[in-house]
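Scroll down for the structure; my scribbles are underneath it.
Coordinate-derived values only; no laboratory data. Source: prediction; values computed, not measured. Ideal geometry is used to build each Cβ from the backbone, glycine not excepted, and the neighbour counts take in all protein chains shown.
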Amino acid sequence: ARDPVRVLVTGAAGQIGYAIVPMVARGVMLGPDQPVILHMLDIEPAAEALKGVKMELIDAAFPLLKGIIATTDVVEACMGVNIAVMVGGFPRKEGMERKDVMSRNVSIYKAQASALEKHAAPDCKVLVVANPANTNALILKEFAPSIPQKHITCLTRLDHNRALGQISQRLDVEVSDVKNVIIWGNHSSTQYPDVNHATVKTSSGEKPVRELVADDKWLNGDFITTVQQRGAAIIKARKLSSALSAASAACDHIRDWVLGTPKGTWVSMGVYSDGSYGIPPGLIYSFPVTCEKGKWSIVQGLKIDEFSRGKMDATAKELMEEKSLAYSCLN
Ligand code: NAX
């Protein structure tokens with residue numbers, strides 16, 4: 001039998017935490033043959049709720065779940081973990097300054113970076129979900145220098161999946177037949193959902209999304225804003241932010257990273273920029289990537305038109321601003 005993989009979920013007593021832990025325990029993240037040990041971290045005010053989640057995990061009798069650690073101690077939570085899904089953070093509350101929210105998250109991610117750096121397994125792969133996701137991941141990278149920078153990523157897969165969903169709805173085709181959309185940039189409303197290279201599988205082969213939709217006004221307008229604003233639309237409808245779709249996307253992100261992307265298919269991941277596509281190095285920016293044997297690589301050589309260029313640069317600019325705001329909080 002395989003050795004269990006240790007999966008850390010921070011903010012485990014929260015909404016996304018509650019949705020993702022059963023997925024991990026059922027093999028949705030790492031496959032149906034991979035036993036797991038769940039490490040769940042939350043903070044003191046949520047300690048009772050976290051206990052409740054642990055009770056439910058026991059009650060669910062998941063065959064793949066070989067152990068549960070539920071704790072408010074960061075060191076205990078990070079000990080030996082192979083995968084770290086960072087969902088815990090400080091949410092923006094009404095009337096709060098951007099700088100105050102940033103400063104709270106910078107100190108959380110600085111501390112958790114140090115704990116991961118010292119106590120996680122050397123091959124640990126990190127996914128930051130908590131907002132501001134790209135910048136939290138960047139801070140985590142800065143304060144965990146011994147974790148390879150390619151092992152620190154943030155979640156834009158939810159945005160990617162939302163884009164697939166919109167195209168599938170519009171064309172009335174199966175979502176699994178749509179592929180190779182791209183989310184560029186920040187997991188924020190400046191993100192650029194790009195369909196210029198996306199295709200749909202049809203009975204007469206793969207066709208470009210642009211050709212099938214045949215409505216550039218929609219693709220360059222409402223499609224983009226719908227994907228960018230989807231989070232807000234969910235909050236409006238549910239009075240709570242996206243949780244099941246976020247948890248599912250986080251599982252997709254880790255699964256594809258660890259087990260590989262299908263041949264000819266790419267996905268979007270927030271990764272440390274190496275300067276590809278003229279995006280400044282030193283940012284965690286969402287790119288199209290393929291994954292093989294536990295490693296991602298940015299898809300190269302895609303043609304970028306002027307419309308895309310402007311949108312890719314605008315979201316990079318926002319990330320540079322977030323980065324300087326985050327750094328100003330360190331002093
Ligand atoms: P919740 O408020 O339901 O849960 C957050 C949990 O984190 C709480 O239980 C809280 O006690 C805990 N927490 C706070 N500080 C902590 C710390 N220092 N260490 C450990 N745990 C801590 O929020 P939820 O709806 O689950 O969302 C979690 C985060 O995901 C938010 O930051 C949210 O903005 C972000 N999202 C990111 C998405 C993405 O695609 N990247 C999409 C969904 C989501 O909005």
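Calculate, in nm to one decimal, what residue 26 and residue 174 gain on full extension: separation in residues at 0.36 nm each, minus their alpha carbon distance.
Numbers: separation 148, 0.36 × 148 = 53.28 nm, distance 2.48 nm.
This chain segment gains 50.8 nm when fully extended.
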Just to confirm my numbers, what's the Cα centroid distance between segment 225-262 and segment 268-331 in Å?
19 Å
Trypsin sites (Lys or Arg not before Pro) restricted to DSSP loop in segment 195-268 with at most 11 other C-beta within 10 Å:
239, 263
Relative contact order of the chain, please, whole-number percent, based on alpha carbon pairs below 8 angstrom and at least 6 residues apart.
17 percent
Under 11 Å from a label point 7 Å along Cα→Cβ of residue 76: give me every residue in segment 111-149 with its amide N that close.
none
Quick one: what are the phi-derived ³J(HN,Hα) couplings along segment 245-258, Karplus 6.51/-1.76/1.60 with θ = phi - 60°, whole Hz, x for glycine and proline?
6, 5, 4, 5, 5, 5, 5, 4, 4, 5, 4, 5, 5, 7
Label points 7 Å out from Cα along the Cβ direction at residue 117 and residue 303: separation in nm?
4.5 nm
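So what is the diffusion coefficient of segment 284-331 in µm² per second by Stokes-Einstein at 25 °C and 0.890 mPa s, using a Kirkwood Rh over Cα pairs? Don't skip to the answer; put the middle values down first.
Working: Rh = 13.1 Å.
D, rounded to a whole number, is 188 µm²/s.
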Roughly how many nanometres apart are two label points built 7 Å out from the Cα toward the Cβ at residue 58 and residue 100?
4.0 nm
Name the shape class, rounded, prolate or oblate, that the alpha-carbon gyration tensor gives for segment 4-152, where a ≥ b ≥ c are the square roots of its eigenvalues, rounded holds for a/c under 1.5, and otherwise prolate holds if a/b is larger than b/c and oblate otherwise.
oblate
